1. Can you pull out the residues in the range 220-270 that are surrounded by fewer than 13 Cβ atoms within 10 Å (Cβ to Cβ) and more than 17 Å from T188 (Cα to Cα)?
2. Give the range 11-37 a look and list any residue that's assigned to a helix (DSSP H, G or I) and free of Cβ contacts under 8 Å to residues at least 24 places away in the same chain, or say none.
3. Would you tally the residues in the range 194-209 being of a type outside the set (S, T, N, Q), surrounded by 15 or more Cβ atoms within 10 Å (Cβ to Cβ) and at pLDDT 90 or above?
4. With respect to R244, is the statement that it is assigned to a strand (DSSP E or B), in contact with a Lys or Arg (Cβ under 8 Å, 6 or more places away or on another chain) and modelled with pLDDT of 90 or more true?
5. Would you mind telling me which numbered condition in (1) at pLDDT 90 or above; (2) within 30 Å of R37 (Cβ to Cβ); (3) out of contact with any Ser or Thr (no Cβ under 8 Å at 6 or more places or on another chain); (4) not in a strand (DSSP E or B) D227 fails?
6. Does L156 qualify as being in the same structural domain as C213 (by TED's automatic domain parsing), at pLDDT below 70 and within 20 Å of Y41 (Cβ to Cβ)?
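The values are calculated or read from the model by the stated rules, or taken from the named source; none is laboratory data. This one's a predicted model, so the numbers in the text were calculated from it and none came from an experiment. Cβ placement follows ideal geometry from the backbone for every residue including glycine, while neighbour counts extend to all protein chains displayed.
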Amino acid sequence: MSEQTAIRARALGTRWLGVGLAAVISVVTLGLGLTGRLNLYISPESVWFACTAAVVTLAGAIWSCTLPLGEEGDHGHDHGPAPVVAEGSDDADHGSHPASPRRSLAGVGAVAGGVIATGVVAAALVLPPASLSVELAMSRAGEQSALFAGSDTVALGVADTSTFGVGDWASVFAAATNTAAYDGAPVTLTGFVTPDSSGDDGVNLTRLVITHCVIDAQTAALPVDVDPDDYATGQWVEITGTVRADADGKLRVEPTDVVAIDEPGDPYEY
């Protein structure tokens, strides 16, 4: 391979690892945003920001393609004249210093990183978007404290629970000090079925709650009086029922109606 060909190959690789991968990710982001599937990865409040950033990145990528190949490495200043090589020296004989082990190792690392980055971007482009798995939700159960940061029993009474989701109720179940105050509260909740690890004769209604993106997803689970044999683990259901307080102060959901449903388009709570 001639020196000119090697320089061109390095320039192409640099451009691909920079604006090339960024442009592909931007296209994927815009595609997911336009089809409403970006919510599978980030909260709805962040969609506009992600799409705007993708547009800006694409504009920058298009502009960079107007530059001559290799121009990205031009720092805009002159490095001065080339060093003078004494006649008869090794450099004069061989034209350059042999590559150092450190430089060779850096080259191998750059190639490996480029291959990995390309694989990740290709997977994002080819694989269909999907929500986090039930197995992940079950593995994260019990790792977090209460999700809902609203009021509990205060001087004016309990919080308004009419708009509570699974995450809100999971916090109440975990932190309420006056559980009797919630006894009889009506609920209509959507989630998927997971086993109840407490040993009670029932299941958990589970939902993943995210703040910004799926990286910070937390598992919220509510004990529900449903026969474990009625629904498979991971089955999405809509439950209508009532919150009940046991004699020992524990809260649970007593359903009056359970309907099996498909996974909703937006499977998370926020």
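1. D227, D229, D230, A232, D246, A247, D248, G249, G265
2. First pass over the range 11-37, keeping only residues assigned to a helix (DSSP H, G or I): 11-34.
Residues satisfying the conditions are G31, G33, L34.
3. 5
4. On the way: assigned to a strand (DSSP E or B): yes; in contact with a Lys or Arg (Cβ under 8 Å, 6 or more places away or on another chain): yes; modelled with pLDDT of 90 or more: yes.
When the stated conditions are applied, R244 passes them.
5. The failed condition is (2).
6. On the way: in the same structural domain as C213 (by TED's automatic domain parsing): yes; at pLDDT below 70: yes; within 20 Å of Y41 (Cβ to Cβ): no.
The answer is no for L156.
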